[in-house]
Amino acid sequence: MLLIDTNILSAVTRDDPEPSVSALLARHAAATLFTSTLCQAETLGGIAVLPAGRLLAFDEAAADAYAVLIALRRRDGRPVATMDLMIAAVAKPERDDRYS
């Protein structure tokens, strides 16, 4: 079992993860990787102190944006992880240029 702390979770979710962190996790089977509710509390605490209005929802506009983004990426042969597209879609309705 490998208990992963918040700093490791943050490091591996970056666009360019630290190679040593990625290597550490790669040495362990996914079924042996865990985190704790303490890390959950730390993450949620960080979200809770954001100024009002700074937490964006995945709503109907974002769902529409997601559909456009995934269609464009597939058409262009540039697949991307679902969660990454969902995060991008949350921002897209703010400037509707059909996401080109």
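Quick notes on this one:
- If only residues of region 37-77 that are among the charged types (D, E, K, R) and not in a helix (DSSP H, G or I) are counted, the one that is farthest from Asp5 (Cα to Cα) is Asp76.
- With respect to the conditions (1) surrounded by 15 or more Cβ atoms within 10 Å (Cβ to Cβ); (2) modelled with pLDDT of 85 or more, Arg75 falls short on a single one, namely (1).
- Residue check for Ala26: modelled with pLDDT of 90 or more and either over 26 Å from Leu85 (Cβ atoms) or under 17 Å from the mean Cα position of the chain (by Cα) (or both): no
- Checklist (1) out of contact with any Ser or Thr (no Cβ under 9 Å at 6 or more places or on another chain); (2) loosely packed, with under 12 Cβ neighbours inside 10 Å applied to Leu38, failing item: (1)
- Considering region 41-60, and only residues there that are at pLDDT below 90 and in contact with a helix residue (DSSP H, G or I) (Cβ under 7 Å, 6 or more places away or on another chain), the residue that is surrounded by the fewest Cβ atoms within 10 Å (Cβ to Cβ) turns out to be Leu55.
- Condition met for Met1 (modelled with pLDDT under 95 and in contact with a Phe, Trp or Tyr (Cβ under 7 Å, 6 or more places away or on another chain)): yes
The values are calculated or read from the model by the stated rules, or taken from the named source; none is laboratory data. All values derive from a computational prediction rather than experimental measurement. Positions of Cβ are generated from backbone atoms using ideal geometry, with glycine treated the same way; all protein chains shown enter the neighbour counts.
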